[in-house]
1. Which ones in region 146-203 are at pLDDT below 95 and among the basic types (K, R)?
2. What single numbered condition from (1) within 19 Å of A174 (Cβ to Cβ); (2) open to solvent by 30 Å² or more (accessible area, probe 1.4 Å) fails to hold for E108?
3. Restricting to region 57-108, and then to whatever is assigned to a helix (DSSP H, G or I) and of a type in the set (D, E), can you tell me which residue is farthest from A28 (Cα to Cα)?
4. Just give me the residues in region 75-105 being under 17 Å from the mean Cα position of the chain (by Cα), hydrophobic (A, V, I, L, M, F, W, C) and open to solvent by 50 Å² or more (accessible area, probe 1.4 Å), in sequence order.
5. Exactly one condition in (1) closer than 25 Å to I123 by Cβ; (2) part of a loop (DSSP other than H, G, I, E, B); (3) open to solvent by less than 40 Å² (accessible area, probe 1.4 Å) is false for Y33; which is it?
6. Return yes or no: is F39 hydrophobic (A, V, I, L, M, F, W, C), part of a helix (DSSP H, G or I) and open to solvent by less than 90 Å² (accessible area, probe 1.4 Å)?
7. Can you say whether K118 is surrounded by 14 or more Cβ atoms within 10 Å (Cβ to Cβ), touching a residue at least 40 places away in the same chain (Cβ under 8 Å), over 25 Å from E40 (Cα atoms) and not β-branched (V, I, T), as far as the supplied structure shows?
8. Any chance region 50-65 includes a residue that's touching a residue at least 60 places away in the same chain (Cβ under 8 Å) and at negative phi?
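The values are calculated or read from the model by the stated rules, or taken from the named source; none is laboratory data. Bear in mind the structure is a predicted one, so any value in this text is a computation, not a measurement. Reconstructed Cβ throughout: ideal geometry from the backbone, glycine too, with neighbour counts over all protein chains shown. Keep in mind that these areas ignore ligands, DNA and RNA; they rest on the heavy atoms of the full protein, side chains included. Shrake-Rupley method; radii C 1.70, N 1.55, O 1.52, S 1.80 Å.
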Amino acid sequence: MYLNINEKEQIQEEIKTLETKSSAELVAVITKYSSSYRFETLVFSLLISVFISIILLFADIDTIKFFQIQVLSFFALFFLTSSFKKILLTFLPKKYKYEKASINAKKEFYNLGIKDTKTKLGIMFYVSIEEKYVEIITDTGIKSKISDNYWQDIVNEFIKDVKNNQFSIGYKKAIKECSETLIKSFPIQDNDKNELSNEVIEL
């Protein structure tokens, strides 16, 4: 659990408050990692094992022991990086991690049904903790009046809070920041129905 009950309730209340004044449908999503990084783990373990093997070439050891060390080092590294992805992430470029997180964010936008609202006014606030990544994805109805560029400043501030492990503060600030714009652009309608849950989704 990345957020405690009180923090979730505060975020849900912010969403509820906004949705009583706007037709927009907000969804808060948070995950620890945006990828299993299995392929990256395999490649990383192989590269380090090869590096160790090169060093061992200069050591005075027999062939059997050389082979044993190769195998053991690979499996040890693979187990270590699989169990503790943080180790692997420190070696991956920021751009690469962001691309992986963005792909997963867009996938969840569809998987969670945010794309399926009748009004096409769904918005997802996506946080990937270990990648220190935030993305706000909007459906076509929102895009028709609010460009994607508008959300970038909100994302930039949100990322600062994520880096400080202040996830709930980041969500609440982001929601408050866009509330006036959403209320003005998409005021609540008499026939509005809440199609998406206000609960924070932890993946």
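1. Listed by number, the list holds a single entry, K193.
2. (2)
3. Looking at the filtered set, the residue picked out is E99.
4. Residue satisfying the conditions is I103 alone.
5. Every condition holds for Y33 apart from (3).
6. no
7. Numbers: surrounded by 14 or more Cβ atoms within 10 Å (Cβ to Cβ): no; touching a residue at least 40 places away in the same chain (Cβ under 8 Å): yes; over 25 Å from E40 (Cα atoms): yes; not β-branched (V, I, T): yes.
In short, no.
8. Of all residues in region 50-65, those touching a residue at least 60 places away in the same chain (Cβ under 8 Å) come to none.
No, region 50-65 contains no residue that is touching a residue at least 60 places away in the same chain (Cβ under 8 Å) and at negative phi.
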